[in-house]
Amino acid sequence: MSYELSGKLVAKYDVVQRTATFKTREFAVEKTDDIGGRSVTNYVKFQSVQDKTTIIDKVNIGDEIKVYFNIKGSKWEKDGKVNYITNLDAWRIEQVLQAGSDPSVT
């Protein structure tokens, strides 16, 4: 199942080579919602992996974007302790054009 979230790109990080055959890249999106007349802002960190690490290259900090992602989780055990890790794996990004903007203008 895939999900989507729209918001403003506020951070993007360098690619991290985790192993000889696995790489990741993280970025963060600011999402503001009006909840009961009150503005609530959340910051959501995503990761992209392998060949998807370049999808964030085409957008700039401050751009409004829509992120398509999957939720992935894993269980990690060490020294008798259990930890659960959740990742939001982005696989597609679209730039959201603001009202009144002209996509032909560069």
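The values are calculated or read from the model by the stated rules, or taken from the named source; none is laboratory data. Treat the numbers as computed from the prediction; the structure is a model and nothing was measured. Cβ atoms come from the backbone with ideal geometry, glycine included; neighbour counts cover every protein chain shown. With ligands, DNA and RNA removed, areas are computed over all heavy atoms of the protein, side chains included. Shrake-Rupley method; radii C 1.70, N 1.55, O 1.52, S 1.80 Å.
Couple of notes before you dig in:
- Residue match in the range 45-53 (condition: more than 16 Å from Glu4 (Cβ to Cβ), of a type in the set (Ser, Thr, Tyr), open to solvent by 60 Å² or more (accessible area, probe 1.4 Å) and without any contact (Cβ under 8 Å) to a residue 60 or more places away in the chain): no
- Pairs where the first residue, in the range 1-29, is farther than 11 Å from Val67 by Cα and the second is among the aromatic types (Phe, Trp, Tyr) and open to solvent by 30 Å² or more (accessible area, probe 1.4 Å), C-beta under 7 Å, 6+ apart: Val10/Tyr43; Arg25/Tyr13; Glu26/Tyr13
- Within the range 70-93, the set of residues being among the charged types (D, E, K, R), at pLDDT below 95 and open to solvent by less than 90 Å² (accessible area, probe 1.4 Å) is empty.
- For Thr41: the one exception among (1) over 20 Å from Gln98 (Cα atoms); (2) open to solvent by less than 80 Å² (accessible area, probe 1.4 Å): (1)
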